[in-house]
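As structure tokens, the structure follows; a few thoughts come after it.
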Amino acid sequence: MAKHQGPKTLWWRLLPVLTVFFTVTITALISATWVPLHSVDAMINREHSQSGRAASGGGAAALTASEVDLPALVKEVQSQTATFSAEKDELDYLTRIIELMMTAMGIYTIILAVVSWKALDSQKQEFERASQSSLENLERLRNELQLDFPMLGRIQKNFKNILATLGTACKELDVEDVLDDSFSNLSKRDVQRILFYENAITTALLLDTKGYEDELSEIYRLLGMFYGSRFYSTTTDNEFSSSESPDYFYRAQFYFDRAIDLAPGNYNIFMYAGYFSQYYDDRQIANLSRHYFEQASQIESRFQKPLVSVALLELEGFEDPDSALRSLKGARTRDYYDRNREYPRFEYIVSFRQGCMIPEWLGW
């Protein structure tokens with residue numbers, strides 16, 4: 001595993017440069033605060049000298065004009081000089097306070113910048129160490145899980161492999177129109193292979209399988225076909241009550257329902273579920289089969305076959321020729337028979353009606 005380098009962002013790279021820049025800037029500002037004071041003092045002294053000379057010149061002119069105003073002029077000059085001196089002292093005092101405050105603020109800012117830089121750098125190093133440790137722990141845990149449960153590391157690939165294997169093993173179980181004993185066509189090797197992958201899928205349910213609904217739905221459909229055909233092989237004369245292993249049927253129903261939950265709009269699942277529960281001697285089971293076919297008829301409203309199957313159940317399972325006829329009438333209005341046999345089969349409907357001896361007076 002490559003060594004983790006930490007968050008090498010632009011901010012982390014610029015932080016030392018910015019700290020040095022601000023330190024130099026603040027130092028320059030402090031120096032600029034102290035250095036111009038000599039110029040200010042010189043300017044104040046120069047203004048004071050000019051004022052003194054102006055006062056002297058004015059006094060000379062006054063003397064020549066009038067000797068009587070000399071004491072008042074001297075007193076005025078002394079008063080202005082005292083006032084100017086007091087203002088100069090106050091200004092010097094305020095200037096020193098400002099200088100001290102600026103100096104303290106600059107030093108504090110420099111110290112704060114250095115401390116913040118060190119603290120952030122320490123936090124960055126701690127974060128890098130923690131991230132490195134977490135990644136190493138996660139990598140170690142992932143490796144351990146892959147060693148203990150290889151399926152976890154390649155779940156999508158394994159789902160597809162299981163689906164392909166089950167599809168190959170269950171290809172003999174496919175039905176067209178009526179149930180037959182196709183389970184006997186499976187080799188013992190195929191049976192054990194299907195049972196093995198059934199256990200693997202049961203384990204996979206402990207995981208988050210979001211995103212693999214289509215694959216799982218198809219796997220459940222194949223498992224439903226397997227147990228549905230296995231149950232049929234235990235019956236006699238296509239009678240549900242003749243079997244001594246009803247658990248096979250209910251497991252098939254369980255898998256078909258799970259497949260429907262994952263793909264509720266899948267026409268094929270409802271049709272296969274209807275096929276493998278199409279028994280006429282038990283009305284509860286016949287009603288279940290009718291429900292599957294009716295759902296398939298709603299999903300694909302252009303196909304005749306679901307309604308033909310419903311008509312057969314109505315006539316054979318419920319002995320209701322009126323309902324059977326209504327289903328046949330609905331089938332006759334549709335343009336296609338079934339998937340992969342899409343041209344209409346009106347002759348099937350006519351032969352079905354004649355074979356079931358639906359009376360003519362019921363109408364067509």
Taking 315-327, 132-144 and ranking on average Cβ neighbours within 10 Å, highest first, one gets 315-327, 132-144
Contour minus Cα-Cα span, residue 70 to residue 111, at 0.36 nm per residue, comes to 8.6 nm
Length gained, residue 241-residue 196, 0.36 nm per residue minus C-alpha separation, equals 13.3 nm
Per the 1/(1 + (r/R0)^6) rule, R0 = 41 Å and r from the Cβ atoms of residue 24 and residue 144, FRET efficiency to 0.05 is 0.15
Taking 0.36 nm per residue of separation between residue 283 and residue 134 and subtracting their Cα-Cα distance, the length gained on full extension comes to 47.6 nm
Ranked output for segments 291-298, 111-118 by mean other Cβ atoms within 10 Å, highest leading, reads 291-298, 111-118
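Any read-out appearing in this document is the output of simple, stated calculations on the displayed coordinates, not a laboratory observation. Keep in mind the model is a prediction, meaning the values are calculated, not measured. As a convention, Cβ positions derive from the backbone with ideal geometry for all residues, glycine included, and neighbour counts pool all protein chains shown.
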